[in-house]
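Notes follow once the structure below has been shown.
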Amino acid sequence: MYQYFLPVLWSFLACVGFTLLFNIRGWGIPITCAGGALGWLIYLLFGKTIPAALLASAFIGVYAEIAARLRRCPVTGYVLVALLPLVPGGGIYYAMRQMLSQDMDQARITLLETFGMATALAIGSMLSSSVFRASWSYVKRLHAQVHLHERHHHS
Amino acid sequence: MNQQQVLNLAADMGCALMGSGAEIYRVEESMERLLRAYGMDEAEVFAIPNCIIVSVTAPDGQPVTRMRRVGAHGTDIERMERCNDLNRRLCAETPPIAEAQRLLRAIPGQARRYNDRVSLLGYAFSPTFFAPLFGGGLTDMGCACLVGLLVGLFQVYGGKLFGGNGFFHTLVSSAAASVLALGLVRMGIPARLDVITISALMMLVPGVAITNAMREIMAGDVLSSLSHAAAALLTAVAIALGTGVGLALMQYI
């Protein structure tokens, strides 16, 4: 429990700094930072691997879609900052470091991992929000049909 | 109400949205909705990063086209949300064009921005908490805060120095970060070099470009998506090269 609490808190606070850079205000700040914190929690729970990043970003995608619909605001504001802690900044650094120390094999592995991580982030949130949108519009259509049906009955 | 005025209104709205960092499909969709709301069903809108083209046909059959360029811009969520709200309102109420223009022009004044000092605070704040996230301790937090502050100084005030050259700007910022991190460690502060450098580099990482690239490919804008993906890749290379400067220095000092 304790081992998860602190990282989640750090992730939340790290996101707060980014909201200042992207000029996010008001309720947007806690909402997007909570997304970043929960995303990091999922990443930790599934063992800090590339599939874990995929799951985390998939979660953030759905979370942002829901938040945006509740607040009637563009989704970008919520997904942008929440994904940032997961972006593989360390990978870029270590790959460079290994390259400079002529350790090309290790550098290649790190580069591939970094690329995989970035792709997982992109694909994860893309897939989840696409699925969410498709099912959302389906539910809406179904809802509209039921209403139409009811009105038909009344008349 | 004539075509040209509506065309100008739509182009201004598109520019305002794009300038606040909205995705391409949002820019196109908003402009199309606005044009339809004002009765221009045959309007065509085309947007790619930094450029908007909008074309309508006047009643006499004469085509009217307008092209607008949008310069290098950051992301301003507050302004984007306000433009989005205004666009929705204009589509629903279709006030007279002059009134709509006035409302649109009022947005930059209404949407408050954090000033440079607060942005700087953000640059120092995030790395402070990235440090423990990447396994650092209290000293690492302090050092990461300092290095982040330096990155912020370069990012916020270095704009005039580097102009629109984002690649070079990122390269210099990350080199500065890596040199300062190295200096702090060499001064005898018991901090971990990797942790403090990476924490500060997180401020330069192309998260926005990756996010935009993916949202645009989702919407089917392959061209814009590719250009953002290329930007993300270039930024990553710039960060790596910049860090390389610091790391190479390490071998000599």
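General observations
- Selected residue (only one of A:TYR63, A:TYR78, A:TYR94 is open to solvent by less than 30 Å² (accessible area, probe 1.4 Å) and aromatic (Phe, Trp, Tyr)): A:TYR78
- Qualifying positions in segment B:230-250 - more than 8 Å from chain A (Cβ to nearest Cβ) and farther than 30 Å from B:MET214 by Cβ: B:VAL245, B:GLY246, B:LEU249, B:MET250
- In segment A:102-124, the residues that are at the interface with another protein chain (Cβ under 10 Å from one of its Cβ atoms) and open to solvent by 70 Å² or more (accessible area, probe 1.4 Å): A:LEU111, A:PHE115
- Restricting B:GLY244, B:GLY207, B:GLY220 to those that are small (Gly, Ala, Ser) and crowded, with 23+ Cβ neighbours inside 10 Å reduces the list to B:GLY207.
- Selection count where residues are of a type in the set (Gly, Ala, Ser), open to solvent by 10 Å² or more (accessible area, probe 1.4 Å) and outside any loop (DSSP other than H, G, I, E, B), scope segment B:31-60: 2
- The residues of segment B:117-150 that are part of a helix (DSSP H, G or I) and more than 11 Å from every other protein chain (Cβ to nearest Cβ), listed by number, are B:LEU138, B:THR139, B:ASP140, B:GLY142, B:CYS143, B:LEU146, B:VAL147, B:LEU149, B:LEU150.
- Condition met for A:THR49 (more than 8 Å from chain B (Cβ to nearest Cβ) and either farther than 19 Å from B:SER126 by Cα or surrounded by fewer than 21 Cβ atoms within 10 Å (Cβ to Cβ) (or both)): yes
- Filter pass, B:ARG89 being surrounded by fewer than 17 Cβ atoms within 10 Å (Cβ to Cβ), at pLDDT 90 or above and outside the structural domain of B:MET187 (by TED's automatic domain parsing): yes
- Residues that are at the interface with chain B (Cβ under 7 Å from one of its Cβ atoms) and farther than 22 Å from B:THR75 by Cβ within segment A:69-101 comprise A:GLY90, A:TYR93, A:ALA95, A:MET96, A:ARG97, A:LEU100, listed in sequence order.
- Test: residue in segment B:188-198 that is over 18 Å from A:GLY91 (Cβ atoms) and within 14 Å of another protein chain (Cβ to nearest Cβ): no
- Residue that is modelled with the lowest pLDDT [pool: residues in segment B:154-177 that are within 15 Å of the chain's Cα centre (by Cα) and of a type in the set (S, T, N, Q)]: B:ASN165
- Taken over segment A:8-32, residues that are facing chain B (nearest Cβ under 7 Å), out of contact with any Leu (no Cβ under 6 Å at 6 or more places or on another chain) and either open to solvent by 10 Å² or more (accessible area, probe 1.4 Å) or not in a helix (DSSP H, G or I) (or both) amount to 8.
- Breaking point among (1) open to solvent by 50 Å² or more (accessible area, probe 1.4 Å); (2) assigned to a helix (DSSP H, G or I), for A:TYR43: (1)
- Within the set A:LEU127, A:LEU142, the sole residue that is under 16 Å from the mean Cα position of the chain (by Cα) and either in a helix (DSSP H, G or I) or acidic (Asp, Glu) (or both) turns out to be A:LEU127.
The values are calculated or read from the model by the stated rules, or taken from the named source; none is laboratory data. Because the structure is predicted, anything quoted here is derived from the model rather than measured. Methodologically, a virtual Cβ is constructed for each residue, glycine included, from the backbone with ideal geometry; neighbour enumeration extends over all protein chains shown. Keep in mind that these areas ignore ligands, DNA and RNA; they rest on the heavy atoms of the full protein, side chains included. Shrake-Rupley method; radii C 1.70, N 1.55, O 1.52, S 1.80 Å.
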